[in-house]
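S.K.: Please read through the structure below; I'll follow up with questions.
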Amino acid sequence: MLMNHPRPPHQTHTDAGLAAVLRVAVGRLARRLRAQRPTSLSLGQSAVLYTLIRQGQLTPGALAEHEKVQPPSMTRIIAGLEERGLIRRTRHPQDRRQQLVDLTQEGRDLVRADQRLREAWLTRQLQDLPAEEKETLRKAAEILERLSQS
């Protein structure tokens, strides 16, 4: 159930004020969604699984670049996921020096279960909103997606 909270004291009519309000709101929502996660994976591990389900198999270097982490950090993330049986590494067909990382069926199932739980929680929260607020969120979601890609 959504609770009505007074607007933050920030001035939202300036870009800086809007940025502050968005940062706090998006951060809080992200924490609430993370709390719905069914696994004990780290955020980095979850991010890699989600990237692989969206992008398909990638090299460790491409994963590191996509997730904005250093290659040694990605190596540790990949090792942990492989140890849990959630990903597998195979040789790159064109470059034998490279490896490709892909999800196992167990990894795919885990991501789908995670998506279902978090989307069900968010769906329950959205049910109490009036139609015009839902439409505002639809538009905001498109804008937030563009911002996240910049």
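The values are calculated or read from the model by the stated rules, or taken from the named source; none is laboratory data. Note that this is a predicted model, so its numbers are computed, not measured. FYI the Cβ positions are ideal-geometry reconstructions off the backbone, even for glycines, and counts take in every protein chain you see.
S.K.: Could you check the stretch 46-149 for helices (runs of 4 or more DSSP H) lying wholly inside it with 1 or more residues that are under 18 Å from the mean Cα position of the chain (by Cα) and farther than 23 Å from Ala35 by Cα?
M.R.: Answer list for the stretch 46-149: 60-67, 71-83, 131-149.
S.K.: Here are some residues: Ala47, Ala19, Ala30, Ala25. Which one is in the same structural domain as Gln98 (by TED's automatic domain parsing) and either within 29 Å of Gln105 (Cα to Cα) or not hydroxyl-bearing (Ser, Thr, Tyr) (or both)?
M.R.: Only one candidate passes the filter, namely Ala47.
S.K.: Just need a number here: residues in the stretch 30-45 that are among the small types (Gly, Ala, Ser), modelled with pLDDT under 90 and under 14 Å from the mean Cα position of the chain (by Cα).
M.R.: Number of matching residues: 3.
S.K.: How many of the residues making up the stretch 48-96 are loosely packed, with under 12 Cβ neighbours inside 10 Å and at positive phi?
M.R.: Selection size over the stretch 48-96: 2.
S.K.: Does the stretch 21-29 include one or more residues that are modelled with pLDDT under 90 and exposed (fewer than 11 other Cβ atoms within 10 Å of the Cβ)?
M.R.: no
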